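Comments concern the structure below.
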Amino acid sequence: EVTPDVLDDANFAAYGTGWSEQGDVDASSFKWIYGEEPGLNHWAATAYKVSTLQKLDPLPNGTYSFSMDVQRAANLNDQHLFARGCKAGEPDGEVTQSTAAAGTGALSKITLANIEVSSGSCTIGIYTDAPADGWANIDNAVFSVQ
């Protein structure tokens with residue numbers, strides 16, 4: 001049994017329809033700075049902290065994985081994929097996967113595996129904490145049954 005892709009605008013072709021931002025929202029945009037292709041970009045001229053996220057609700061309970069293709073500056077203070085509020089009784093519980101393995105070259109697939117969903121919903125996304133001019137390009141979000 002395969003759950004269909006439950007993400008809205010998974011490849012950002014609709015410029016972020018269904019996604020929301022938290023934190024320094026001006027640092028998040030749905031068009032890459034150095035190109036015409038739609039995609040998620042985190043960047044600001046000053047230091048920033050921003051999350052781009054999507055709540056999946058209702059969601060069948062089970063074990064899932066979440067991945068995004070990432071290209072990023074090496075000097076980010078922190079960047080990670082996250083899944084939060086997925087376990088029943090743990091609304092603030094969060095699991096993460098660092099994107100440090102991604103580099104400045106081609107996009108690298110970063111995967112957060114073994115996401116246990118028992119609450120019937122889950123909020124997934126990517127968080128960036130960056131110094132001035134710290135950047136990341138993100139594309140091709142996938143959330144699927146593991």
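Structure summary
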| quantity | calculated |
| --- | --- |
| Portion, in percent, of the accessible area of the range 3-123 that falls on carbon or sulfur, probe 1.4 Å | 48 percent |
| Alpha-carbon Rg with Dmax, taken over the range 68-114, Å | 12.7, 41 |
| Accessible heavy-atom area order of His80, His42, highest first, probe of 1.4 Å | His80, His42 |
| Space enclosed by the convex hull of the alpha-carbon atoms of the chain, per residue, Å³ | 98 Å³ |
| Accessible-area value, Trp43, 1.4 Å probe, nucleic acids and ligands omitted, Å² | 90 Å² |
| For the chain, size of Cβ-based charge dipole, Lys and Arg +1, Asp and Glu -1, in debye | 200 debye |
| Using a Förster distance of 25 Å, the FRET efficiency for Ala13-Glu90 (Cβ separation, nearest 0.05) | 0.15 |
| Where labels lie 7 Å past Cα in the beta-carbon direction, separation of Lys49 and Ser20 in nm | 1.9 nm |
| Accessible area expressed per residue, the range 82-131, with surrounding protein chains retained (probe 1.4 Å, Å²) | 46 Å² |
| For peptides 84-92, 19-27, sequence by mean Cβ density within 10 Å, most packed first | 19-27, 84-92 |
| The chain, relative contact order [Cα under 8 Å, separation at least 6], % | 35 percent |
| Hits among lysines - C-alpha to C-alpha of Lys31 under 25 Å, sequence gap 8 or more where chains match | Lys49, Lys55, Lys109 |
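The values are calculated or read from the model by the stated rules, or taken from the named source; none is laboratory data. On a predicted model such as this, the values are computed, not experimentally measured, just so you know. With ideal geometry, Cβ positions are generated from the backbone for all residues, glycine too; neighbour counts draw on all protein chains shown. The accessibility values were calculated without ligands, DNA or RNA, using every heavy atom of the protein model including side chains. Shrake-Rupley method; radii C 1.70, N 1.55, O 1.52, S 1.80 Å.
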